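Chemist: First the structure, then my questions, so here it is.
The values are calculated or read from the model by the stated rules, or taken from the named source; none is laboratory data. Note that the structure is a prediction, hence the values are computed from the model and not measured. A quick note on method: Cβ atoms are made from the backbone with ideal geometry, for glycine too, and the neighbour counts reach across all protein chains shown. Calculation scope for accessible area: heavy atoms of the full protein, side chains included, ligands and nucleic acids excluded. Shrake-Rupley method; radii C 1.70, N 1.55, O 1.52, S 1.80 Å.
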Amino acid sequence: MKLVFAGTPEVAVPALDALISSGRHEVAAVVTRPDAPAGRGRRLVASPVAERAMEAGIEVLRPLKPREPEFLERLREIGPDCCPVVAYGALLPRVALDVPVHGWVNLHFSLLPAWRGAAPVQHSIMAGDEITGASTFLIEEGLDSGPVYGTVTEEIRPTDTSGDLLTRLAFAGAGLLAATMDGIEDGTLKAVPQPGEGITLAPKITVEDAKVEWSAPALRVDRVVRGCTPAPGAWTVFRGERLKLIQVTPVPERTGLGPAEIAVGKNSVHVGTGSYAVELLWVQAQGKKPMRAADWARGVRIGAGETLGA
């Protein structure tokens, strides 16, 4: 088939690579978000998908909105059979959805209908799920509600951050998306409507969502930190300044600390929660680089009875 691939961040690149190297389909163009300012100089930088497409000599389309007449005209000129999508980052209007014969097929990083929305991986970790995966589905105008072509499953490991899990799903999902394109082309794959039960939503994680509540149980604290790493980054407050929490681990045998109470050992920092303690492993103070929590604690000289949080 002739394909127009839509995607923007690094997590979409493995899928684009899989389609380019498949040898079975032609990636005629890529649709991605416009270049965005980045770095200290705030210079405009192309998206990771745009960079990969340019390396491969593929035309790059960067509409501000995918309903722009110029973009729609070019899409019709290309005449794609199907448009695979991975984390494009903009809503597709009906006028665009109707262009390809086989529609727009999205690779979504959850087992639909669970975790529909912008942050499925973060929510699955924060909810304590043991299994997640990726799904390919036909895009409709509803939120991730279209019929599903296929899925792959992935175990959530006890120490997985959302970054770790998303990386694995990006590569597993790339194979799924390529196989979905093959099945659509040869007619062996039909999309199946999603069940009406088991629907959960995964809205974007805000900075406020990433604030650690020390009255919560230790397992919840651990899940919030892992789910919000690397972005937007879990955090708390120490002496009136924000402290980023990069890695913690629950310590069931460490009891006796009140919620948010800090206990500093020779090479350890424990904080009380609503159940037992967690050990802080890596933190980042405002304006500082990430460091081991024990080194941070020695530097700030934590006094007896000090706490984290507002």
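Chemist: Can you give the charge dipole size of segment 135-254 about its Cα centre, rounded to the nearest 20 debye, using +1 on the beta carbon of Lys and Arg and -1 on the beta carbon of Asp and Glu?
Modeler: 740
Chemist: Along the positive direction of the dipole of the chain (beta-carbon charges: Lys, Arg +1; Asp, Glu -1; about the Cα centre), which of Tyr149, Cys82, Pro113 reaches farthest?
Modeler: Toward the positive end, the furthest listed residue is Pro113.
Chemist: Using a 1.4 Å probe and ignoring any ligands, DNA or RNA, find the accessible area of Ile20 and quote it in Å² to the nearest 10.
Modeler: Roll a 1.4 Å probe over it and Ile20 shows about 60 Å².
Chemist: Take every DSSP beta bridge with both residues inside segment 1-125 and express the antiparallel ones as a percent of the total, to the nearest 5.
Modeler: Here the share of antiparallel DSSP bridges comes out near 20 percent.
Chemist: Which of the lysines could be linked to Lys2 by a straight reach, that is with a Cα gap under 20 Å, when you skip same-chain ones fewer than 8 residues away?
Modeler: Here the lysines satisfying the reach criterion relative to Lys2 are Lys190.
Chemist: Could you tell me whether segment 132-200 comes out rounded, prolate or oblate from its Cα gyration tensor? Rule is a ≥ b ≥ c as square roots of the eigenvalues, rounded for a/c under 1.5, then prolate if a/b exceeds b/c, otherwise oblate. The partial results should precede the final answer.
Modeler: Details: a/c = 2.45, a/b = 1.39, b/c = 1.76.
In terms of gyration-tensor shape, oblate.
Chemist: Which of the lysines could be linked to Lys244 by a straight reach, that is with a Cα gap under 17 Å, when you skip same-chain ones fewer than 8 residues away?
Modeler: Lys211, Lys288, Lys289
Chemist: Amide H to amide H, which residues 5 or more places from Glu59 or on other chains are under 5 Å from it, using H placed in the peptide plane?
Modeler: Hits under the 5 Å cutoff: Val30.
Chemist: Let a ≥ b ≥ c be the square roots of the eigenvalues of the Cα gyration tensor of segment 233-310; is it rounded (a/c under 1.5), or, if not, prolate (a/b larger than b/c) or oblate?
Modeler: rounded
Chemist: Moving on. Which whole-Hz ³J(HN,Hα) couplings does segment 57-62 yield from phi under the Karplus relation 6.51 cos²θ - 1.76 cosθ + 1.60, θ = phi - 60°, glycine and proline marked x?
Modeler: So the Karplus estimates, Gly and Pro as x, are x, 9, 4, 10, 10, 10 Hz.
Chemist: Report, in order of residue number, the helices in the chain meeting two criteria: a C-alpha extent of 15 Å or more along the helix axis, and a mean Kyte-Doolittle hydropathy of at least 0.0; treat each whole DSSP H run as one helix.
Modeler: Helix filter hits for the chain: 162-186.
Chemist: Now for a separate question. Treating only the Cβ of Lys, Arg, Asp and Glu as charged (+1, +1, -1, -1), what charge dipole size does segment 1-122 show about its Cα centre? Round to the nearest 20 debye.
Modeler: Dipole size: approximately 420 debye.
Chemist: While we're looking at this one, here's another question. Counting DSSP beta bridges in segment 175-310, what percent are antiparallel, to the nearest 5? Don't skip to the end; give the middle numbers.
Modeler: On the way: 21 of 22 bridges.
Close to 95 percent.
Chemist: Oh, and also: Might you tell me the accessible area per residue for the chain, computed with a 1.4 Å probe and given in Å²?
Modeler: 48
Chemist: Non-local amide H neighbours of Gly117 (under 5 Å, H modeled in plane, Pro and chain starts lacking H): which ones?
Modeler: For Gly117, whose amide H was placed from the backbone, the distant partners under 5 Å are Ala202.
Chemist: Rounded to the nearest 20 debye, what is the charge dipole size of segment 227-272 about its Cα centre when +1 sits on each Lys and Arg Cβ and -1 on each Asp and Glu Cβ? Could the numbers behind the result be given before it?
Modeler: Numbers: 5 positive and 3 negative charges, 27 e Å.
Computed charge dipole of segment 227-272: roughly 120 debye.
Chemist: Ordering Tyr149, Tyr88 by how much accessible area each has at a 1.4 Å probe, largest first, what is the list?
Modeler: I get Tyr149, Tyr88, largest accessible area first.
Chemist: Describe numerically, in nm with one decimal, the distance between label points set 7 Å from Cα along Cα→Cβ at Glu241 and at Asp35.
Modeler: 3.7
Chemist: Given an 8 Å cut-off on Cα distances and at least 6 residues of separation, report the relative contact order of segment 259-310 as a percent.
Modeler: 36
Chemist: Once you order the gyration tensor axes a ≥ b ≥ c over the Cα atoms, which shape class does segment 1-116 get: rounded for a/c under 1.5, otherwise prolate or oblate by comparing a/b with b/c?
Modeler: It is rounded, given that a/c, with a ≥ b ≥ c, falls under 1.5.
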